[in-house]
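*Asks:* Quick one: the structure is below, questions incoming.
The values are calculated or read from the model by the stated rules, or taken from the named source; none is laboratory data. Predicted, not measured: the structure shown is a model, and the values here were computed from it. Cβ sites come from the backbone with ideal geometry, for glycine too, and all protein chains shown count toward neighbours. Areas reflect the complete protein model, heavy atoms only, side chains present, ligands, DNA and RNA absent. Shrake-Rupley method; radii C 1.70, N 1.55, O 1.52, S 1.80 Å.
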Amino acid sequence: MQRLLEISNLEAGYGLIKVLWGVNLAVKQNECVVLLGVNGAGKTTLLKTVVGLLKAWKGKVTFNSNDITHLRSDIRIANGIAYMSELAIFPNLTVEENLKLGGYFKSDKENKKRMEKLYQYFPDLKEYKHKMGGSLSGGQRKMLGVAKTLMSNPKLVIMDEPSSGLSPKFVKRAIEVLDMFHKEEKVAMLIAEQNVSFLDFAEKTYILDGGKITFEGSVSELKSNNIIRETYFGITH
Ligand code: ATP
């Protein structure tokens with residue numbers, strides 16, 4: 001399968017502090033990749049560099065065979081990358097305004113159709129469409145974030161810890177909806193997580209540790225690695 005996103009030897013950081021030390025990672029067309037890493041491993045830094053919110057110091061990012069390393073963030077998004085940060089939404093905008101922002105580069109007609117589809121999967125959002133994002137519960141906010149990310153009918157969804165702050169019930173629902181869109185619309189995904197529940201629908205996994213990729217492989221390879229079993233699954237035998 002052809003590579004949709006390819007990250008080669010990527011270095012980035014803040015001021016004089018280097019956080020990413022030559023990261024290599026790839027997401028194929030229609031593939032779901034989960035990036036695991038403990039707090040401070042550099043997951044957010046990596047995702048922000050891929051979407052252009054942070055400058056790459058060194059290395060290369062290609063998307064759909066085009067070099068996007070130094071492309072403006074909005075152009076990367078217009079080209080088919082959708083990004084959900086940990087905050088996920090704009091609290092001072094209504095639910096519907098948040099969704100419209102997710103479809104910023106699409107026509108009103110396309111957005112209306114897409115919104116109706118998303119409301120079927122997120123009925124709560126339809127009910128609250130005139131409410132401010134900031135007045136929603138933590139779980140509903142994340143669901144709005146997921147829906148907002150899917151608004152643009154992206155080729156690649158990049159998400160930063162979609163499960164953070166979510167109850168197990170909402171985590172299950174988020175996984176179900178993402179899995180459904182992954183299968184139905186063949187959208188590729190790169191999801192940074194600490195919650196191993198997300199491995200249920202991953203086809204490939206990477207571990208980022210201290211700004212370096214320390215593991216790359218399938219979920220079964222990950223689960224059979226003793227050190228990883230102990231660190232991420234708490235299994236010591
Ligand atoms: P978490 O799961 O806690 O969000 P993470 O894996 O996403 O962790 P990053 O947020 O990318 O990790 O942080 C990687 C390193 O970069 C950490 O040591 C962090 O302190 C540092 N860092 C993050 N943001 C900044 C910043 N704005 N200025 C300076 N250092 C930062």
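*Asks:* Looking at the stretch 13-25, which of the residues that are under 11 Å from GLY211 (Cα atoms) and among the β-branched types (Val, Ile, Thr) is most open to solvent (accessible area, probe 1.4 Å)?
*Replies:* For the stretch 13-25, the residue satisfying everything is VAL19.
*Asks:* To continue, here is another question. Is it fair to say THR69 is over 22 Å from ASP209 (Cα atoms), open to solvent by less than 20 Å² (accessible area, probe 1.4 Å) and touching a Gly at 6+ places or on another chain (Cβ under 9 Å)?
*Replies:* When the stated conditions are applied, THR69 passes them.
*Asks:* Also: Name, by its number, the condition in (1) outside any helix (DSSP H, G or I); (2) closer than 26 Å to GLN140 by Cα; (3) in contact with a Lys or Arg (Cβ under 6 Å, 6 or more places away or on another chain) that does not hold for THR69.
*Replies:* For THR69, the exception is condition (2).
*Asks:* Right, here's the next one. State yes or no: is LEU10 over 15 Å from ALA188 (Cβ atoms), open to solvent by less than 10 Å² (accessible area, probe 1.4 Å), within 16 Å of the ligand (Cβ to nearest atom) and over 15 Å from the mean Cα position of the chain (by Cα)? Give the steps one after another, and end with the answer.
*Replies:* On the way: over 15 Å from ALA188 (Cβ atoms): yes; open to solvent by less than 10 Å² (accessible area, probe 1.4 Å): yes; within 16 Å of the ligand (Cβ to nearest atom): yes; over 15 Å from the mean Cα position of the chain (by Cα): yes.
Yes: the conditions hold for LEU10.
*Asks:* Additional query: For the stretch 39-48, does any single residue satisfy the condition of being open to solvent by 70 Å² or more (accessible area, probe 1.4 Å), of a type outside the set (Phe, Trp, Tyr) and either at pLDDT below 95 or not in a helix (DSSP H, G or I) (or both)?
*Replies:* yes
*Asks:* May I ask you to say which residue of ALA56, ALA78 is within 16 Å of the ligand (Cβ to nearest atom) and of a type in the set (Gly, Ala, Ser)?
*Replies:* ALA56 is the lone residue from the list that is within 16 Å of the ligand (Cβ to nearest atom) and of a type in the set (Gly, Ala, Ser).
*Asks:* Moving to a separate point now. Which of the numbered conditions does LEU35 fail, given that it passes all the others? Conditions: (1) more than 15 Å from the ligand (Cβ to nearest atom); (2) out of contact with any Gly (no Cβ under 9 Å at 6 or more places or on another chain); (3) at pLDDT 95 or above; (4) not basic (Lys, Arg).
*Replies:* For LEU35, the failing item is (1).
*Asks:* Which helices (runs of 4 or more DSSP H) sit wholly inside the stretch 99-178 and have at least 2 residues that are more than 18 Å from the chain's Cα centre (by Cα)?
*Replies:* Qualifying helices (runs of 4 or more DSSP H): 108-121, 123-127.
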